[in-house]
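Below is one structure, written out as structure tokens; comments come after it.
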Amino acid sequence: LRIMDWEDEALITTKLPKQYKGGKVNNWAIGYVAIAYEKGILDDVDMMYFNPNEPAKRHEVAKYVIRALGKEDEAQDNMDKKLRFVDAAAVPQGSVGYVYLVDELGIMKGDGKAFNPMGTLTRAEMAVLFSNLDEKVDGEKDENEYTGTVNSIRDDKIEIKMGNSVKRFKVSDDVIVYDGRDRID
């Protein structure tokens, strides 16, 4: 959620979705589970069986990452792909498309020969996964995303210096502005 810039939403969310029937969720994690469901990272089946206190299996992490990237349909289209890993038969049938895509996108590669779909990730593997995912997410700027220094804010206008140019925008109350990682009014 942090990499996808959804953490602010998670921090202000205090209720689990009514569909949630999984394991006990610590108070600090409720918003994260709720937003993961809202964003499609967790689905209705996850809401029934999700256990936040168990280690995540590698094939599950592949599923969450691909869903976070908005590639669920692409994963479904690749469910019949032949995986290159020697342990491909151990990948649950419903996870094949996700494992195929995280490998194809270079986000998770296993050890080069095996994927170990039922294994869990080490801290080092998570660090590499986050780095690879961050590169995919931050590699492109959205059409309406601007980075620069705020010169001034007056009423419904904001002026941003971007390099050698200055861009002026008329904004409404629902525009999100960040100072570093902090959301500001």
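The values are calculated or read from the model by the stated rules, or taken from the named source; none is laboratory data. These numbers were taken from a predicted model, which means no experiment stands behind them. Heads up, the Cβs are rebuilt from the backbone with ideal geometry, glycines too, and the neighbour counts pull from every protein chain shown. Ligands, DNA and RNA are stripped out before the accessible areas are found, and what is left, the full protein with its side chains, is counted by its heavy atoms. Shrake-Rupley method; radii C 1.70, N 1.55, O 1.52, S 1.80 Å.
On the basis of being open to solvent by less than 50 Å² (accessible area, probe 1.4 Å), touching a residue at least 24 places away in the same chain (Cβ under 8 Å) and within 21 Å of Leu129 (Cα to Cα), does Tyr98 make the cut? Yes: the conditions hold for Tyr98. Which residues, taken from the stretch 132-145, are open to solvent by 100 Å² or more (accessible area, probe 1.4 Å) and modelled with pLDDT of 70 or more? Glu135, the sole residue that qualifies. Restricting Lys113, Lys81, Lys39, Lys57 to residues that are within 23 Å of Glu9 (Cβ to Cβ) and among the basic types (Lys, Arg) narrows the list to Lys39. Could you count how many residues in the stretch 151-166 are open to solvent by 70 Å² or more (accessible area, probe 1.4 Å) and touching a residue at least 12 places away in the same chain (Cβ under 8 Å)? Here the count works out to 3. Taken as a whole, the stretch 114-131 holds no residue that is surrounded by 13 or more Cβ atoms within 10 Å (Cβ to Cβ) and modelled with pLDDT under 85.
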